[in-house]
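Everything below concerns the one structure shown next.
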Amino acid sequence: MVVKVWGARGSVPCPGPRTVKYGGNTSCVEVRCAGHRIVLDGGTGIRELGHAMAAEPLGPVDVLLTHFHLDHIAGLPFWAPAYTPGNSIVFRAARLQQTFGLREILHKMMSPPLFPIPLDEFRADVRFEDFSCGAEFEPAPGVRVMTRPLNHPGGACGYRISHAGRSVAYVTDTEHVPGTDDSNVIDLMRGADLAFYDSTYSEAELPAHAGWGHSTWEEAVRLAGIAGVETLVLFHHDPRHDDADLDRIGDQAAQARPGTVVAREGEEFRL
């Protein structure tokens with residue numbers, strides 16, 4: 001399995017000189033295994049992924065969306081592979097608390113006055129599949145995806161991708177309840193070779209953001225220890241946290257749990 005970070009920010013893109021090291025694009029992580037590509041979230045980072053894909057042979061792609069807040073879907077209208085004939089793409093998302101399904105939601109986003117190019121302009125072979133959060137499915141032979149609900153306003157879905165004895169957990173946009181262990185999060189992270197976890201805040205910052213649906217790097221470290229994660233990746237960085245802030249958080253987290261890393265655009269993990 002090859003895992004690459006294309007966007008690691010939460011809430012809103014924050015490009016600029018203060019975010020050069022870790023990047024300013026919002027959530028997008030690519031997983032390649034068994035000749036298949038899985039894309040986790042369609043934040044603004046997916047645009048650069050699309051440019052990289054243009055130089056590669058066509059192949060099947062699954063896009064797994066955690067939820068529909070803008071920072072997780074804003075890059076989709078600018079994702080070139082969706083407009084490229086011959087590509088085969090499946091968009092998947094859990095039915096959470098929304099009234100509309102996946103296709104309807106993306107159609108609304110890509111409609112005037114919000115966007116001038118409609119969803120129907122996608123020229124790839126595109127399918128839209130809704131599922132019940134908690135379901136498991138196999139997007140390609142030998143590739144298993146587990147899903148679990150997460151604690152976020154309006155709901156969110158966490159993912160665990162497994163192939164050939166390796167596994168990646170993608171747990172973002174979830175708020176922990178202090179003093180409790182979220183069994184859904186533990187299920188997703190248990191024994192994972194690589195686990196991305198929502199580390200938007202520190203414990204000192206969390207009280208001012210209670211109810212916003214995000215967690216802390218300290219909770220990430222604690223849960224990774226309970227779940228027996230091999231490599232923990234701090235993810236969904238607060239746009240107010242610049243490179244110096246994330247350097248400091250990374251140092252503290254690595255001291256608390258050696259091997260912990262801060263997600264950085266362009267970083268690649270090989271399992």
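Bear in mind these aren't lab numbers, they're just calculated from the coordinates by the rules spelled out. Quick caveat: nothing in here was measured; it's all calculated off a predicted structure. So basically every Cβ, Gly included, is an ideal-geometry build from the backbone, and we count neighbours across all protein chains shown.
Values computed for the structure shown
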| read-out | value |
| --- | --- |
| Estimated 222 nm signal from helices in the chain, with DSSP H stretches of n ≥ 4 weighted -39500 (n - 2.57), rounded to 500 | -5000 deg cm²/dmol |
| Approximate spin-label separation ASP130-ASP181, in nm, with each point projected 7 Å along Cα-to-Cβ | 3.5 nm |
| Region 1-77 shape via C-alpha gyration tensor axes, a/c threshold 1.5 | prolate |
| Crossing angle, helix 217-227 versus the chain [Cα axis fit, 0-90 degrees, rounded to tens] | 90 degrees |
| The chain: antiparallel DSSP beta bridges as a percent of all, rounded to 5 | 50 percent |
| Exposure proxy ranking, count of Cβ atoms within 10 Å, fewest first, for GLU203, GLU219, GLU138 | GLU138, GLU203, GLU219 |
| C-alpha long axis of helix 243-256 to longest principal axis of the chain, angle in ° | 60 degrees |
| Modelled FRET efficiency - R0 51 Å, ARG222 with ALA34, Cβ distances, 0.05 increments | 0.95 |
| Prolate/oblate/rounded label for region 1-133 (Cα gyration tensor, a/c 1.5) | rounded |
| Sorted by Cβ density within 10 Å, fewest first, the residues ARG9, ARG240 | ARG240, ARG9 |
| Paramagnetic reach from LEU70 in region 1-39 [backbone N under 15 Å; point 7 Å along Cα→Cβ] | 10-15, 26-27 |
| Cut-off 18 Å (backbone N to label point 7 Å along Cα→Cβ of ALA204), residues of region 227-256 | 238-256 |
